[in-house]
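Please treat every number below as a calculation from the coordinates, not as lab data. Since this is a predicted model, take the numbers as computed values, not measurements.
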Amino acid sequence: RPTSAPQSPQQPAVGYGPPPGGSPYSAPPPPGAAYTPPATGVALNPAALPLPPVQATPIQAPGDHPVSIQAKSPAAKPRTPAVGRDRPDAPGSGTLGVWMLAALPLLQFAVVYAVFGVLAQPLVPGIQWGILVIPALFSLLFAAADRKKLLDNGHDETPIPMLGILPPLYLVARVAVIGPKSIAPLVVWVVLQAAAVVGVLVLLPMVLAAAISNG
């Protein structure tokens, strides 16, 4: 009877564990070996597992252009130049003309007191208009000189010199055009004008009464 071919004895499966320092899937088991999973409760060392390389992803702008981020020191930040009429490098606004205009009430009172108080000149009819008109003419001259000096100093805008016929009106317009830094002459004029009125009431009451009666 036919005989079957001799059968080789079955070899037992050889256990195969992961390499000590690598991943259990990094290499296939050798021929004839079976993979033996680690025992339950035995944790793998995460430090021994290889980590995928980390690549920095550049930030993309809406136009797909890479944007580089660079740290800037506060010193490298560009300074924005100051603009406007009150910037630090603005031309100066103090002129001889405007200070003479601010001192005009004091000069007017000094002349009136010298003529009618010291020299005791009589107050003739109509002279009160000269007391008002002559200072107004000087005020126009001071305003024109102030405007010329402002233009020479580099100011592009100046008040109208004709406003100098009324000194407070010109000084207020000057503050509006040049800026608050030019308010000092206006303050000086107000203080001196108030002092001149008090001086006339106290030192020259008779002259004031005669000027009102002749007017």
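List, in order, the whole-Hz ³J(HN,Hα) value for each residue of segment 163-177 obtained from phi through the Karplus relation with A = 6.51, B = -1.76, C = 1.60 and θ = phi - 60°; use x for Gly and Pro.
For segment 163-177, the Karplus curve yields 5, x, 4, 10, x, x, 5, 5, 5, 5, 4, 5, 5, 5, 7 Hz.
Starting from the Cα gyration tensor of segment 168-212, take the square roots of the eigenvalues, sort them a ≥ b ≥ c, and report rounded, prolate or oblate (rounded when a/c is under 1.5, otherwise prolate if a/b is larger than b/c, else oblate). All intermediate terms of the calculation are to be shown ahead of the outcome.
On the way: a/c = 7.92, a/b = 2.93, b/c = 2.71.
Verdict is prolate for segment 168-212.
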